[in-house]
Structure formats: C-alpha cells, structure tokens
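Contents: one structure, followed by commentary.
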Amino acid sequence: MAQHDRPAVYDAFDKYEKARRGADASDLCDFVRHLHRRVVAGKVRVVDGDVSGGAGCRPTHIFIDEVQDFTPAELELVLAYAGDARVTVAGDTAQTITRGTTSFKFAAVSAAFHLAGRNVAPVETLTTNWRSHGGVQALCSHVVRAMCRRFPGAVDKLPEERAHFAGPLPTCLPATDLVAAADVLFTGEVGRCRLNPGEPSNRFAKP
C-alpha cells in the first residue's frame, strides 16, 4: 500500500470498528483472534476433526492449499496451532479470490513463518500447467502480464506457466445478452473474437 493512502485506509477502518462495536457485532477477525487466544492458552484441541476445549492430539504435519486466500491473521492462527508440526503451504499468487485479500505474495508467508520462529524452506515454483490446454493458458498468461504491469508489487512476478498440451485459443463472449451469448456458443459466428497473446496491449482481435 502506498504511504499516502494509509491515513485514508486507517480512517475507514476506524469508522468500521466504531460501527461494529456500536452494533455489538463481530466479524471474521474477531473469530480468528478469539481462536488464536484459546490456542495460545492451550484451550483448543482437535479430535476426529472436531474442535473442543482441553488438551488433545497435536498434528505432526499440516498441509495448506490455496494459501493465497488466507489472511495474515488466519495464517498466524494455523502456525500457532501447529506447534512443533511441520507446515507445508501451496498456492497461486494470481488466484486470490477471497474477499478482503486484495493481494498476495509468498514473501508475506515467509515473513509469517519467521515471526513464528520457524525455518523457511526455499519456495519451489511449478511452471507446467496440467489443468488447462495451451489456448486457455495463453489467455491466462496475458491477463497475468497485464495485472503485473498495472498493479506492480501486488503479486509475485513468477516465470510464465506453460501448458502440458496444446489447444485452441478460447472464444470470448463480449455480449452479456443471453440470446447473443447462445448464438456464440452454438454457432460460433456472432460476435466471436479471439485474444492475440502476442499483442503488447489488452486489445482483443477478431479471427
């Protein structure tokens, strides 16, 4: 966050907190903070997936997927509960979808591990996409490049992914009208356009 934006953001946060307290309401941050206090005090245990009070079993290894959708407080909670257990995280810097997590970097995860007194292993980057073919991957890479260019510093700049197998460029649906969209889907002729991944801009080119 830019330094000059911080006062305005803090003012908005302060107004939100006053309104929340005035309504005697709670939010996800309150829930996470409450759990964190109980974990630190040793008042939380997990038995067969159920959380309850008292001493209980402790994990030996915790694996977290989609770590980009964790808030820093949620990650701190997991690390506090982990104790001496090993913790492995996996995620995608360009797939943050959870409301409230506007950006994500693996440096933030490393910082959380350091603050928790943990050793941090080197980050391994996977560059082969097994989920989508080359056409879809070309479109996604184009969007990620635009995101990095317009919002520098918001995400990690990683090596570009490559699809394991080739495929056609995806068909775009520029119209929101359902009838027009149906024409595109079933005839492939009305309003169809394709992305040219080689173009430096974000323009879409018709085939």
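The values are calculated or read from the model by the stated rules, or taken from the named source; none is laboratory data. On a predicted model such as this, the values are computed, not experimentally measured, just so you know. Please note: Cβ atoms are built from the backbone with ideal geometry, for glycine as well, and neighbour counts cover all protein chains shown.
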- prompt: Which condition breaks for Thr93 when tested against (1) modelled with pLDDT under 85; (2) not in a helix (DSSP H, G or I); (3) not assigned by TED's automatic domain parsing to the domain that holds Leu77?
  reply: (3)
- prompt: Going through region 38-82 one residue at a time, which ones are of a type in the set (Gly, Ala, Ser) and modelled with pLDDT under 85?
  reply: Gly42, Gly49, Ser52, Gly53, Gly54, Ala55, Gly56
message: Being modelled with pLDDT under 75, of a type in the set (Ser, Thr, Tyr) and buried (at least 16 other Cβ atoms within 10 Å of the Cβ) is the requirement here; does Thr101 meet it?
response: no
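Would you confirm whether any residue within region 129-148 is assigned to a loop (DSSP other than H, G, I, E, B), among the hydrophobic types (A, V, I, L, M, F, W, C), at pLDDT 85 or above and over 30 Å from Ala80 (Cβ atoms)?
yes
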